[in-house]
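Have a look at the structure below, then the notes.
The values are calculated or read from the model by the stated rules, or taken from the named source; none is laboratory data. Being a predicted model, the structure only gives us computed values, none of them experimental. Cβ: placed from backbone, ideal geometry, glycine included. Neighbour counts: every protein chain shown. Areas reflect the complete protein model, heavy atoms only, side chains present, ligands, DNA and RNA absent. Shrake-Rupley method; radii C 1.70, N 1.55, O 1.52, S 1.80 Å.
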Amino acid sequence: MLEELKQANEYIYSKLNEKNKLFLELEEYAEIHNVPIITKEVKEFLRFLLSTGKYKNILEIGSAIGYSALVMSKALNDNCNITTIEIDEERYNIAKENFQKSNNQNINILLGDALDILPTLNDKYDFVFIDASKGQYQKFFELSYKLLNENGLIFIDNIMFRGYLYKDYPKRFKTIVKKLDSFIDYLYQNHDFTLLPFGDGIGLTHKKVTTFRKKDS
Ligand code: SAM
């Protein structure tokens, strides 16, 4: 099964032919400097989802060097607003440079711990992309869910943490694995949630509209 999944991914990768110079440059930078960025299949899914044009006000937790923020912006032809939060100052500065390189005016990056910044945000968002420290996922989720518009979507990347939620893992990851596993239970029990087994595991949940107006008969 694992071997088949690997082959399926290779097949998908062979169909994806990235030509955007900046994206290629950032992928190379991430590889050389060991910066974790979204995988190709997550990038493709994210691009596809956002290109529906349904989600325009976007919040990202974990910018790294700005790659996924640029992917999301491009999916919407820059016709969106993105707020992205990064705790690491060096990465924050690189991300800022990358946004400038792409002449991007619609991405606002904030430096600091998302746990401190999220409660200070006054805006509402249609789409939240969570991609930061795995041990804090439930807190990121709870804080950003408050900022989510009705019908908005939360996309949680790497929720199965390198597959450690279902296979043997190094002891040092025990706390993170337990936290993520109970977060997944919480999501299944309290939200409309689905778990997709690709990339490092993707979790999707949306804020349901609470009232539906009946159509006049
Ligand atoms: N989304 C990026 C992409 O695909 O291009 C990759 C993000 S990387 C997986 C995770 C980033 O989250 C790191 O750069 C890390 O410094 C940042 N981070 C971790 N904990 C954070 C926190 N509490 N608040 C803000 N950023 C955080």
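Annotations
- Enumerated helices (runs of 4 or more DSSP H) restricted to segment 85-165, each holding at least 3 residues that are farther than 28 Å from THR194 by Cα and near the ligand (Cβ under 9 Å from one of its atoms): 89-101
- Of the candidates ASN108, ASN93, ASN81, ASN103, the single residue that is open to solvent by 20 Å² or more (accessible area, probe 1.4 Å) and either modelled with pLDDT under 95 or of a type in the set (A, V, I, L, M, F, W, C) (or both) is ASN103.
- The C-beta contact set for segment 20-42 (first residue of a type outside the set (Lys, Arg), second residue open to solvent by less than 20 Å² (accessible area, probe 1.4 Å) and more than 13 Å from the ligand (Cβ to nearest atom), distance under 8 angstrom, 6+ apart or interchain) is empty.
Yes/no matrix, rows are residues, columns are (1) out of contact with any Gly (no Cβ under 9 Å at 6 or more places or on another chain); (2) surrounded by fewer than 20 Cβ atoms within 10 Å (Cβ to Cβ); (3) free of Cβ contacts under 8 Å to residues at least 60 places away in the same chain; (4) farther than 29 Å from GLN7 by Cα:
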| site | (1), (2), (3), (4) |
| --- | --- |
| ALA114 | no, no, yes, yes |
| TYR125 | no, no, no, yes |
| ALA132 | no, no, no, no |
| GLY135 | yes, yes, yes, yes |
| PHE173 | yes, yes, yes, no |
| PHE198 | yes, yes, no, no |
| VAL209 | yes, yes, yes, yes |
